[in-house]
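Read the structure below first, then the notes.
The values are calculated or read from the model by the stated rules, or taken from the named source; none is laboratory data. This one's a predicted model, so the numbers in the text were calculated from it and none came from an experiment. Positions of Cβ are generated from backbone atoms using ideal geometry, with glycine treated the same way; all protein chains shown enter the neighbour counts.
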Amino acid sequence: MSFSKVSFLIFILFLLLCKPTFSDLLLTSKDLPEIPINFLNFAKQTEVFDWMVGIRRQIHENPELGYEEFETSKLIREELDKMGIPYRYPVAVTGVLGYIGSGKPPFVAIRADMDALSLQEMVEWDHKSKNPGKMHACGHDTHTAMLLGAARILQEHRDLVKGTVVLVFQPAEEGGGGAKKMVEAGALENVEAIFGIHSTTFLPVGEVASRSGPFLAGSGSFEAVISGKGGHAAIPQHSVDPILSASNVIMSLQHLVSREADPLDSQVLTVAKFQGGGAFNVIPDSVTIGGTFRAFSKESLMKLKQRIEEVIVGQAAVQRCNATVTFESKDRPFFPPTVNEGGLHKLFQRVAGDMLGTAGVNDMQPLMGSEDFSFYQEIIPGYFFFLGMKDETLEQPVMPHSPYFRIDEGGLPYGAALHASLAVRYLSESQTAARTYNGYHHDEL
Ligand SMILES: *[C@@H]1O[C@H](CO)[C@@H](O)[C@H](O)[C@H]1NC(C)=O
């Protein structure tokens, strides 16, 4: 018997003896705990940092709305070409899917959104939006720059990628449901898990925040046309007044959350649109109302949807009006709730903790905002988190979707390094899990 056979047997014996901790041993081997810091230091190098800042500013100057991100998409592809990263294009109109690694399983995805908002930038600076009425006021320019940053880190550390990382550059997050179209176009084929980042002006650079389980609300929107019969405002008996009817409809809608929903199951319903009439002495024929509703489970969302329709139609009828209600449309699809998978939360805490220390990793309450990242999470486990990019020179943090939105670009290396570390660590752990599953631990399954 040769020496290598003996050592192989000893190795097997070792595996049998150390069964419960073997996977832990593998995870902590090969300097994996150092990866996040190493990647961060790589991304902080002046040359890499300036490159990311340059990309972010270029995108900021040329904001494009959902499904119109042609220049942004072109910039992404040019950078991928320079790095020698293969990609698929077009996916969902302007979307790009890049691939780094072996081209073989396991596959993990990291995602950025590319679209801007219909908003006039009010910040006076060298890189102000050059497209009137359009602005990156939600940080998607930083998301795209950070995903390219992650691509560069991963490409330069290819040997650490134990499988394949899929770079998902998606269009139309702001209401257009770009993620849904990416999924339909096959973006998640073979992919086991996906990670997404949102920059935030409410956390300092070097901090992150997230939670396990329901994180962001699912959302739907509705529009209703309440029809009556127009006429002279001073002779109401010959009219059917849709303004009064719509007013009562709105009051009744406000009782859905307060009286029919579990107080511990957070929901919101807002009528944000009320249009009707144009003169002080004419009762109009009809009134159009519209709004949004949100909840943290699909079940609660669907229950709200059903009751919204019943209440609008029923309450309109009380004042002799007819109502038609419409919900999702192409421009405004339902967004499912963003629900973070528990196992990925633990991985995130380990990876972010290795980079930022436990003090930099915050647990946060769920938010009523919504994200189309949830379309990916409907298909595979996913994890979404906030990354601190607060501009400390401002007295008050600016809200996203504000024309005064400003962020600290110093957060870019953190986002890039977190994306890259999460992908690398996920793949290593997935490989370990697969080995465990296929061999050593099969008796436990
Ligand atoms: C409501 O619909 C019914 C049935 O179509 C119709 O007879 C009635 O005139 C409508 N009422 C109004 C106020 O439009």
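Among the numbered criteria (1) part of a loop (DSSP other than H, G, I, E, B); (2) away from the ligand (no atom under 16 Å from the Cβ), which one does F375 miss?
Among (1) part of a loop (DSSP other than H, G, I, E, B); (2) away from the ligand (no atom under 16 Å from the Cβ), F375 violates only (1).
Within the stretch 277-331, can you find the residues that are in a loop (DSSP other than H, G, I, E, B) and within 14 Å of the ligand (Cβ to nearest atom)? Please lay out each step first, then the result.
Going through the stretch 277-331, the residues in a loop (DSSP other than H, G, I, E, B) turn out to be 277-281, 284-285, 296-297, 319-321, 327-331.
Matches in the stretch 277-331: P284, D285, Q319, R320, C321.
Exactly one condition in (1) within 16 Å of the ligand (Cβ to nearest atom); (2) in contact with a strand residue (DSSP E or B) (Cβ under 8 Å, 6 or more places away or on another chain) is not met by N248; state its number.
In the conditions (1) within 16 Å of the ligand (Cβ to nearest atom); (2) in contact with a strand residue (DSSP E or B) (Cβ under 8 Å, 6 or more places away or on another chain), N248 misses (2) alone.
Looking at V240 and the list (1) away from the ligand (no atom under 16 Å from the Cβ); (2) touching a Ser or Thr at 6+ places or on another chain (Cβ under 9 Å), which single condition is not satisfied?
Here V240 clears every test but (1).
Please determine, by comparing only the residues of the stretch 119-145 that are among the small types (G, A, S) and more than 19 Å from the chain's Cα centre (by Cα), which one is surrounded by the most Cβ atoms within 10 Å (Cβ to Cβ).
Going through the stretch 119-145, the residues among the small types (G, A, S) turn out to be 129, 133, 137, 139, 145.
This time we only want the ones that are more than 19 Å from the chain's Cα centre (by Cα), so: 129, 133.
Working: S129: 22, G133: 12.
This residue is S129.
Out of the residues in the stretch 181-229 that are away from the ligand (no atom under 16 Å from the Cβ) and of a type in the set (D, E, K, R), which is nearest to S286 (Cα to Cα)?
Applying the first criterion (away from the ligand (no atom under 16 Å from the Cβ)) to the stretch 181-229 yields 181-223.
After this cut, where a residue has to be of a type in the set (D, E, K, R) as well, the list is 181, 184, 189, 192, 207, 211, 223.
Values: K181: 35, E184: 38, E189: 47, E192: 50, E207: 51, R211: 45, E223: 13 Å.
Ranking the qualifying residues of the stretch 181-229, first place goes to E223.
Can you tell me which residue within the stretch 101-118, out of those that are surrounded by fewer than 17 Cβ atoms within 10 Å (Cβ to Cβ) and not charged (D, E, K, R), is nearest to Q377 (Cα to Cα)? Spell out how you get there, then give the answer.
First pass over the stretch 101-118, keeping only residues surrounded by fewer than 17 Cβ atoms within 10 Å (Cβ to Cβ): 102-105, 118.
Remaining after also requiring not charged (D, E, K, R): 102-103, 105, 118.
Working: S102: 24, G103: 23, P105: 19, S118: 27 Å.
Ranking the qualifying residues of the stretch 101-118, first place goes to P105.
Looking at K82 and the list (1) basic (K, R); (2) over 30 Å from D331 (Cβ atoms); (3) crowded, with 21+ Cβ neighbours inside 10 Å, which single condition is not satisfied?
(3)
If I filter the stretch 415-427 down to residues being within 15 Å of V166 (Cα to Cα) and either out of contact with any strand residue (DSSP E or B) (no Cβ under 9 Å at 6 or more places or on another chain) or among the hydroxyl-bearing types (S, T, Y) (or both), which single residue comes out as surrounded by the most Cβ atoms within 10 Å (Cβ to Cβ)?
Across the stretch 415-427, the extreme among qualifying residues is A416.
Just checking, which of L75, L65 is assigned by TED's automatic domain parsing to the domain that holds M122, assigned to a helix (DSSP H, G or I) and modelled with pLDDT of 95 or more?
Values: L65 fails: assigned to a helix (DSSP H, G or I).
Only one candidate passes the filter, namely L75.
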